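Step one of this worksheet: look at the structure below.
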Amino acid sequence: MPNLLFRNAHPGVAVVLVLLAALLTVALNTLMLQPIPWVLAAATGIAAWFFNFILVYRSRYLKMNYLYGWLWFLAAFALSSGRQGFQWHTVGGALAAATWMALAYEMSSDERSALTRRINLGFATGLLLLWNVRFSYFIIVSLWAIGWGTSRSGRGFLQLILGWMVPAAAIATYQWTVAGPQSFYAWIAPLAPRLAWFWPSPGEWVLLFWLLVAIPQTLRAAVSAKRTKRQGLYLSWSGILVAIVWRVAHPDASTSGMLAVFAAPQLLNLQDYLPKYWMRVLLGPSLLVGGLLSVFLG
């Protein structure tokens, strides 16, 4: 597995990715008049590399050319709008989403037993409740993902649910018995929706445009691409829908990093299959410009 770090013909690109993401994080937070801890900037750069590494390795179809990490960063940049820039919860939410997605990719793998894969995905989804109870939403899409590579059955769903219930029940029990009922109610309170109308920022509109463009490419992949690629794109769309529901129902929550993780496979697919070369060239810069416009207009 360590050899995968240097599988690319130009491993120095990884260093460039980390430095670019870190420096642009500093620039964005400076424009937004937000705190600029250099540790956060470095963590953002390393996260961009890490997402590329773990998800390319797990998906078995994404190119090992560091485009995944770069497109994740550009999408998160565009979604940050004129509000907060990059913060620890942006990077943390993205890491949580990437961890879940990496385990969900294993549902189509034949290298491990189906029971192990289901238990792992359920258990990890339950542990995410430590980060934010709203990750409960991901149990729904987790149940959909377990059919990959295995037959769908009531027993399979039950195995995943049981894996999820172990950490979920432990967290809930701790909150109720040790921290107290008030702590328990405070823990589940974020699940209550707070629907509010808000106008998307320029960066959000740019990402929405590219996701709409990605729909025909997903349909094209559904009939011509390999199974792993089809499943990866379907999983990506599932995560996007959950993240959008999360963002609409809880507009106070920062989901930019998380949504960017799920949008990146679609953007990466567009880099390969957009019919016009100029559109492939425009994809990255348009997200960057959208993020900058959001700083001044958001």
Exercise for the section: Go through region 215-240 and count every residue that is over 14 Å from residue 270 (Cβ atoms) and without any contact (Cβ under 8 Å) to a residue 24 or more places away in the chain. Expected result: 5
Exercise for the section: Quick one: residue 144 ticks every box in (1) touching a residue at least 24 places away in the same chain (Cβ under 8 Å); (2) in a helix (DSSP H, G or I); (3) more than 25 Å from residue 287 (Cβ to Cβ); (4) over 18 Å from the mean Cα position of the chain (by Cα) except a single one, so which number is it? Expected result: (4)
Practice task
Report, by residue number, each residue of region 94-111 that is among the aromatic types (Phe, Trp, Tyr) and modelled with pLDDT of 85 or more.
Solution key: 100
Handout entry: Near pairs, Cβ below 8 angstrom, 6+ apart or cross-chain, from region 153-182 (free of Cβ contacts under 8 Å to residues at least 40 places away in the same chain) to any residue that is among the β-branched types (Val, Ile, Thr)
Key = 157/146; 161/139
Handout entry: Within region 167-187, considering residues that are surrounded by 15 or more Cβ atoms within 10 Å (Cβ to Cβ) and among the aliphatic types (A, V, I, L, M), the one farthest from residue 77 (Cα to Cα)
Key = 172
Exercise for the section: Among residues belonging to region 28-53 that are in contact with a Gly (Cβ under 6 Å, 6 or more places away or on another chain) and more than 29 Å from residue 234 (Cβ to Cβ), point out the one that is modelled with the lowest pLDDT. Expected result: 34
Problem - Subset of region 251-298 [within 19 Å of residue 134 (Cα to Cα) and not in a helix (DSSP H, G or I)] - result: 251, 252, 253, 254, 255
Practice task
Please tell me if residue 25 is at pLDDT 85 or above, closer than 28 Å to residue 146 by Cα, under 20 Å from the mean Cα position of the chain (by Cα) and of a type in the set (S, T, N, Q).
Solution key: no
Completion exercise
Filter region 129-150 for residues that are surrounded by fewer than 20 Cβ atoms within 10 Å (Cβ to Cβ) and among the small types (Gly, Ala, Ser); the one that is modelled with the lowest pLDDT is 149
Exercise for the section: Identify the residue in region 54-83 that is assigned to a loop (DSSP other than H, G, I, E, B) and modelled with pLDDT of 75 or more and, among all such residues, is surrounded by the most Cβ atoms within 10 Å (Cβ to Cβ). Expected result: 80
Handout entry: Selection status of residue 212, without any contact (Cβ under 8 Å) to a residue 12 or more places away in the chain and either closer than 25 Å to residue 80 by Cα or of a type in the set (D, E, K, R) (or both)
Key = yes
Handout entry: Those residues of region 222-239 which are among the charged types (D, E, K, R) and either crowded, with 19+ Cβ neighbours inside 10 Å or assigned to a helix (DSSP H, G or I) (or both), in sequence order
Key = 227, 229, 230
Exercise for the section: Look at residue 104 and say whether it is without any contact (Cβ under 8 Å) to a residue 40 or more places away in the chain, among the small types (Gly, Ala, Ser), within 19 Å of residue 162 (Cα to Cα) and assigned to a helix (DSSP H, G or I). Expected result: no
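The values are calculated or read from the model by the stated rules, or taken from the named source; none is laboratory data. For clarity, every value in this text was computed on a predicted model and none was experimentally measured. Quick reminder, even Gly has a Cβ in these numbers, built from the backbone with ideal geometry, and neighbours come from all protein chains shown.
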